[in-house]
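Okay, structure first, notes after.
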Amino acid sequence: MPSIEIGMKAANEHWETFIKGATLMLGGNGVGFGGCLTMLKDGVPSIPGLGVFILFFGVGLLGSVGYYATLTISKVELQQAVVSGKPDFSKGLSFVSWFFLTFGAGGFISAVVAAMYRFASL
């Protein structure tokens, strides 16, 4: 039985690192998206191209939510595989997780690059 406990501890430590990163990405995209919508609601007319930022942060937010969800499902599957002793771990879910990671990080990076480009002359 000690091997199952060691395996569960290692699995938890492994996935907690990824889930912390997903949480940070989710927070960054959520704050950016919320900030853009607040500016839109308050009628700030001095921001040219606010829709581009809303699009990039929105895509990043959707990707971050998907990434977090797939990581959580993968963690549960890995824990079940460790407890049962069977190596039935879904590799297809790993591809989907990387797909969402690309959209989450890509949306955030695109929004930051667009902000740097638009406001470089200030």
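A few points about this structure:
- Residue match in region 112-122 (condition: in a helix (DSSP H, G or I), hydrophobic (A, V, I, L, M, F, W, C), open to solvent by 70 Å² or more (accessible area, probe 1.4 Å) and over 30 Å from residue 7 (Cβ atoms)): yes
- If the condition is being assigned to a helix (DSSP H, G or I), open to solvent by 50 Å² or more (accessible area, probe 1.4 Å), of a type outside the set (Phe, Trp, Tyr) and in contact (Cβ under 8 Å) with a residue 12 or more places away in the chain, then region 27-51 contributes 37, 40.
- Flag for residue 56 being in contact (Cβ under 8 Å) with a residue 40 or more places away in the chain, in contact with a Ser or Thr (Cβ under 9 Å, 6 or more places away or on another chain) and surrounded by 12 or more Cβ atoms within 10 Å (Cβ to Cβ): yes
- Subset of region 84-97 [surrounded by 12 or more Cβ atoms within 10 Å (Cβ to Cβ) and modelled with pLDDT of 75 or more]: 93, 94, 96, 97
- Pick from region 66-78, criterion of a type outside the set (Ser, Thr, Tyr) and crowded, with 17+ Cβ neighbours inside 10 Å, ranking: nearest to residue 6 (Cα to Cα): 78
The values are calculated or read from the model by the stated rules, or taken from the named source; none is laboratory data. Keep in mind the model is a prediction, meaning the values are calculated, not measured. Backbone-built Cβ (ideal geometry, glycine too); neighbour counts: all protein chains shown. The area values use the complete protein model at the heavy-atom level, side chains included, leaving out ligands, DNA and RNA. Shrake-Rupley method; radii C 1.70, N 1.55, O 1.52, S 1.80 Å.
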